[in-house]
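A.B. asks: Once you've had a glance at the structure underneath, I'll fire off some questions.
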Amino acid sequence: MKVIVAEHFGICFGVRDAIAQAHALAREGSLTILGELVHNPIVREQLRAQGVQEQLSADAANGRVMITAHGTSDKQREALNKRGLEVADGTCPLVRYAHDQLKRLVRAGYFPVVIGLADHVEVRGLVGDFVDACVINEIADIRKLPPRRRYGIVSQTTQPIERVRALAAEIARAHPNAKIRFADTVCKPTKDRQLALKKLIAAVEVIVVVGGRLSNNTRQLVETCRAAGKRPLHIERPEELQPEWFRGVAIVGLTGGTSTLPETVEAVRQRLEGFHD
Ligand code: SF4
């Protein structure tokens, strides 16, 4: 069995920097992360071993807290500062860019629309400063849009760009008299990994996707495989791989989401190759 690794895979600079920041802060003293730093159980275990705590709500947090790479609303940032907490900000610059684009559109008089998952932490942060903002994840959601003359659309950074563009086009179709402005806020690492996966899909029989089960961009990689009719095997850790999954398979593709550590992907590659010793 041959293993082909995607041209772009695994950890992105935003996640890598946030992890490094959290480890550095933990070495200096106590640290509470507001939510999951990244949706990767291995990284979270490593941080817990260093004494780092995670809390979903800042209500009970004390001392030093860290905002994750997914970012948060200005409202939430102000609330943290008001409580006198020492705030370390791990927001990825490309998530900040999405916030800036949405603010710019709202300032220009456009109704805020975010394409993505309403319950995802990044999206909650994006809409957190705009009480009337609308989140669209599928065509049926477009019905929720209140009638407006202008819609300003951004998206969650980890959505596949084709899906985002298709939904933006549907919004325009459903509101032919409205003025639509679309800002592409899908991050480059997500685009690179999606594109590399599409190239890989053509060359392999099954694809192993390594990443957290709650990681949106990992789930989107899995969806891309399914949509192309290629069998995805989604795992978080190398030990989950079972040799019987690959019986009769000659070529396996391998990729990982933007929160997957390079050493995890490497361990998966080695385990896959070991099945045929
Ligand atoms: S996936 Fe994109 S937006 Fe999210 S942390 Fe990585 S680079 Fe930043």
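Computed from the coordinates by the stated procedures, all read-outs in this text should not be read as laboratory data. Being a predicted model, the structure only gives us computed values, none of them experimental. Positions of Cβ are backbone-derived with ideal geometry, glycine not excepted, and every protein chain shown enters the neighbour counts.
A.B. asks: Can you give me the three principal axis dimensions of the chain from its C-alpha atoms, in Å, biggest first?
C.D. replies: Principal-axis extents of the chain (Cα, largest first): 62, 53, 23 Å.
A.B. asks: So, one more: Excluding residues on the same chain fewer than 8 positions from residue 75, give the aspartates and glutamates whose Cα lies under 18 Å from its Cα.
C.D. replies: The qualifying aspartates and glutamates are 59, 86, 89, 100, 119, 122, 129, 132.
A.B. asks: In which sequence would 251, 161 go, from the one with the fewest C-beta neighbours within 10 Å to the one with the most?
C.D. replies: Working: 251 13, 161 16.
The most exposed by this proxy come first: 251, 161.
A.B. asks: Check the straight Cα-Cα distances from residue 199 and name the lysines below 19 Å, setting aside those fewer than 8 residues away within the same chain.
C.D. replies: List returned: 2, 188, 191, 230.
A.B. asks: Using just the Cα positions, wrap region 94-182 in a convex hull and report its mean projected area in square nanometres, one decimal place.
C.D. replies: Numbers: hull surface 20.2 nm².
Value for region 94-182: 5.0 nm².
A.B. asks: Using a basic spin-label model with each label point 7 Å from the Cα along Cα→Cβ, how many nm lie between residue 49 and residue 247?
C.D. replies: 3.6 nm
A.B. asks: To the nearest Å, what is the center-to-center distance of region 73-139 and region 169-215, using C-alpha atoms only?
C.D. replies: 20 Å
A.B. asks: While we're here: With no solvent and one point per C-alpha, what does the Debye sum give as log10 I(q)/I(0) for region 13-92 at q = 0.24 Å⁻¹?
C.D. replies: Debye intensities relative to I(0), on a log10 scale: -1.18.
A.B. asks: Can I ask one more? Under the 0.36 nm per residue contour assumption, what length would be gained going from the current alpha-carbon distance of residue 161 and residue 228 to full extension?
C.D. replies: Details: separation 67, 0.36 × 67 = 24.12 nm, distance 1.58 nm.
Computed gain between residue 161 and residue 228 is 22.5 nm.
A.B. asks: So what is the calculated 222 nm ellipticity per residue for the chain, using -39500 (n - 2.57) for each DSSP H run with n of 4 or more, over all residues, to the nearest 500 deg cm²/dmol? Can you show the working numbers first?
C.D. replies: Working: 9 runs with 109 residues, N = 277.
That calculation yields -12000 deg cm²/dmol at 222 nm.
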